[in-house]
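Just so it is clear, none of the values below were taken in a lab; they were calculated from the coordinates. Just so it is clear, the model here is predicted, and its values are computed rather than measured. Reconstructed Cβ throughout: ideal geometry from the backbone, glycine too, with neighbour counts over all protein chains shown.
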Amino acid sequence: MKDTLILGIESSCDETAASVVKNGRTVLSNVISSQIEIHKLYGGVVPEIASRNHIERINQVIQEALDEANVTLDDIDAIGVTYGPGLVGALLVGVAEAKAIAYARNLPLVGVHHIEGHVSANYIEHPDLEPPFLCAIVSGGHTHLVIVKDYGQFEILGRTRDDAAGEAFDKVARAIGLGYPGGPKIDKLAKEGNPDAIEFPRAKIGENPYDFSFSGVKSAVLNYLNGAKMKGEEVNRADIAASFQKAVVDVLVEHTMQAAADFGMKKVAIAGGVASNGALRTAMEKACTERGYKFYRPSPIFCTDNAAMIGVAAYYEYIRGTRHSWDLNAVPNLKLGER
């Protein structure tokens, strides 16, 4: 049986990425050009700058991915590309590039939901993982708890009502003077602090036990800092980072374990940028082990934005018959499950 090769393209935020994926599970190349150093100057991603950098880098990144995989466009069976959600200008660069290559080479075009890509990152290193399973998707823009019913088919159990977990990490990091990107910096500093030093709140949503809210814990950190400043007290940044991180991780783990028990799910996965957080990975693994669940997580390189996960998701969409026409557009607020 002939192998199926997908060229995946990802440009939803500040990483320009391309990858060649074989049969939905084997990554032949995964090239990522990050813009973190550029956006550090501004304390966060500047959409216009991100878009310009994608335009400058995308052709070279795709060529690097093909070279690294030792293939040419003649060997590719389909083009997969993120078309939402994300920054509209950034998404448009990837979508336009994918459409141009697909049109010029007469190849099928498969638009991929960015969150579906994050979930699919788990298939890369876990050949035994197949739906159905429960997945906590935790990133800068999204916090979802979903049942992956089949490849590309999701039942959303819960989502954040306000800030996503990663967004809260970034805002707290800025408040305690760590800068951008906040998540990895809090994770690092928290290792030096006492996670039980400060009791920050853990929000519960009455009508849906699987929903999340992280604006309260973020506000509690800001109030704590303001209170200390007004009293002229020194603060221990490591303790704040560790205590805040524990509050977020506790809620993520608790909701996920609750859903796994309620829906009888024995396989639990995590995905998204915050899934690379050391404390979350450790706590989720411990909770799963205690309950006899099988725990899955991608390596950190596949948690953050990359094109390998898009290539994997595109493969499963491709074999299901998903095809997009030349009017495929960027959809910055695309909901999970929408086509």
| task | Give me the number: length gained by fully extending Val88 to Glu233, i.e. 0.36 nm times residue separation minus the C-alpha to C-alpha distance, one decimal in nm. | result | 47.9 nm
| field | Cross-link table Lys218/Lys267; Lys171/Lys191; Lys171/Lys246, entries beyond 22 Å C-alpha to C-alpha | value | Lys218/Lys267
| Interchain or long-range residues, amide H under 5 Å from Phe212's placed H | Arg159, Thr160, Arg161
| message | Test of understanding: in a Gaussian network model of the chain with alpha carbons linked when under 10 Å, which of Thr289, Thr16, Thr160 would top the mean-square fluctuation ranking? | response | Thr289
| query | Under a plain spin-label model, where a point goes 7 Å from the Cα along Cα-to-Cβ, how far apart in nm are Glu192 and Asn70? | reply | 4.5
| field | Top of Gln258, Gln35, Gln63 by mean-square fluctuation, Gaussian network on the chain, Cα under 10 Å | value | Gln258
| query | segment 70-114 to segment 134-201: how many Å between their Cα centroids? | reply | 29
